[in-house]
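The values are calculated or read from the model by the stated rules, or taken from the named source; none is laboratory data. All of these numbers come straight from a predicted model, not from anything done at the bench. In this analysis, Cβ positions are derived from the backbone assuming ideal geometry, glycine residues included, and neighbour counts consider all displayed protein chains. Accessible surface areas use protein heavy atoms only, side chains included; no ligands, DNA or RNA. Shrake-Rupley method; radii C 1.70, N 1.55, O 1.52, S 1.80 Å.
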Amino acid sequence: AHRTHCRHFLSLLDLSDVEARALIARAIELKRMLKAGQDYRPLPYRTLAMIFEKSSTRTRVSFETGMVQLGGHALFLSPRDTQLGRGEPIEDSARVLSRMVDAVMIRTFSQETLERFAAYSSVPVINGLSDRLHPCQLLADMQTYQESRGDIRGRRVAWIGDGNNMCNSFLEAARLFDFELRIACPEGFEPDAALLAAASDRCTLVRDPEEAADGAHLVATDVWASMGQEEEQARRQTLFAPFQVTDAVMARAAGDALFMHCLPAHRGEEVAASVIDGPRSVVWDEAENRLHAQKALLEFLLTVAA
Ligand code: CP
Ligand code: NVA
């Protein structure tokens with residue numbers, strides 16, 4: 001095999017705690033520089049290939065805009081019109097693309113696809129969401145918390161709803177950024193067992209959303225049916241009905257608690273409109289910070305860690 005040893009970002013835990021904190025600080029600095037109109041292009045002529053097996057608004061636009069702002073370029077690749085969709089092996093695609101571009105972002109179904117691609121790629125590979133994890137979103141969310149409330153270390157976070165890719169990444173974030181996590185999910189929709197076990201010193205799993213939200217400094221949720229689970233939508237809507245983040249749930253949280261959602265959201269399902277459109281919601285900051293946090297990630301992978 002042609003295995004290589006460059007740095008990848010397939011999971012939050014590909015960063016050390018020191019690197020993760022430096023990256024968030026850098027994202028805040030890059031945001032300040034952009035707003036001050038400062039030209040900063042450390043990646044001239046560098047290219048990022050973006051492979052999307054699933055739909056995206058934020059991830060695509062933030063990576064593409066970020067690369068342009070850093071002086072580089074991004075390519076949108078869909079399986080529908082590349083050879084990836086016609087069965088070219090992932091190992092071959094990885095070796096070919098990484099001979100041409102400087103980094104690859106992949107949004108895929110199985111984490112295993114990402115890992116296989118990374119094993120054969122000679123350039124950094126970034127997880128732009130898999131069925132298992134969504135680490136780029138957590139970078140933006142950690143930046144958002146830091147900007148709004150300061151250090152998240154020692155704070156209490158409530159995850160309410162599906163034990164999905166976002167929940168799994170919150171479990172990894174709890175270890176990396178050192179916060180307490182309380183998860184409320186329906187039976188049978190728990191997060192990854194290994195990730196839960198690894199975070200057992202700081203994570204509790206309950207069945208009652210209000211219990212999970214008790215005293216929380218941050219309450220987060222996500223859609224009840226993720227991409228690829230469309231046919232389960234009706235069944236999930238019934239099972240998850242008691243897990244909506246309502247004003248009553250938020251009332252159990254700390255007085256200055258924030259509400260987060262990676263978006264897209266379904267008002268009246270996982271979150272009440274009064275919460276997501278209310279004063280404690282920071283969802284638009286989270287979306288914007290995808291741009292700044294990923295610029296810091298690209299700069300890190302292509303310059304600092306290269
Ligand atoms: N939050 C997020 O990843 O959004 P997109 O699916 O629009 O990229
Ligand atoms: N859990 C959702 C997140 C979308 C950004 C999904 O995987 O579809």
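Have a look at Leu302, Leu291, Leu297 and point out the one that is within 16 Å of ligand 2 (Cβ to nearest atom) and of a type in the set (A, V, I, L, M).
One residue alone meets the criteria, Leu291.
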Somewhere in region 112-127, is a residue open to solvent by less than 10 Å² (accessible area, probe 1.4 Å), within 13 Å of Leu12 (Cβ to Cβ), in contact with a Phe, Trp or Tyr (Cβ under 7 Å, 6 or more places away or on another chain) and outside any helix (DSSP H, G or I)?
yes
Asp256 meets each of (1) in contact with a strand residue (DSSP E or B) (Cβ under 9 Å, 6 or more places away or on another chain); (2) away from ligand 1 (no atom under 16 Å from the Cβ); (3) outside any helix (DSSP H, G or I) with one exception, condition (1)
Quick check: is even one residue across region 143-163 within 16 Å of ligand 2 (Cβ to nearest atom), open to solvent by less than 10 Å² (accessible area, probe 1.4 Å), of a type outside the set (Ser, Thr, Tyr) and part of a helix (DSSP H, G or I)?
no
For residues that are assigned to a helix (DSSP H, G or I) and at pLDDT 95 or above, scanning just region 77-95, find the one that is surrounded by the fewest Cβ atoms within 10 Å (Cβ to Cβ).
Asp92
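Does Asp131 fit the bill of being out of contact with any helix residue (DSSP H, G or I) (no Cβ under 7 Å at 6 or more places or on another chain) and either part of a loop (DSSP other than H, G, I, E, B) or of a type in the set (Phe, Trp, Tyr) (or both)?
On the way: out of contact with any helix residue (DSSP H, G or I) (no Cβ under 7 Å at 6 or more places or on another chain): no; either part of a loop (DSSP other than H, G, I, E, B) or of a type in the set (Phe, Trp, Tyr) (or both): yes.
Answer is no for this residue.
Would you be able to tell me the number of residues in region 265-284 that are among the acidic types (Asp, Glu) and within 16 Å of ligand 2 (Cβ to nearest atom)?
Qualifying residue count, region 265-284: 2.
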Give the residues of region 41-68 that are more than 21 Å from the chain's Cα centre (by Cα) and surrounded by 15 or more Cβ atoms within 10 Å (Cβ to Cβ), sorted by residue number.
Leu43, Arg46, Thr47
Looking at region 164-182, which of the residues that are away from ligand 2 (no atom under 16 Å from the Cβ) and either open to solvent by 10 Å² or more (accessible area, probe 1.4 Å) or not aliphatic (A, V, I, L, M) (or both) is nearest to Lys31 (Cα to Cα)?
Phe177
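Does Ala216 fit the bill of being of a type in the set (A, V, I, L, M, F, W, C) and within 22 Å of Gly150 (Cβ to Cβ)? So that I can check it myself, show each step before the final result.
Working: of a type in the set (A, V, I, L, M, F, W, C): yes; within 22 Å of Gly150 (Cβ to Cβ): yes.
So Ala216 fits the description; yes.
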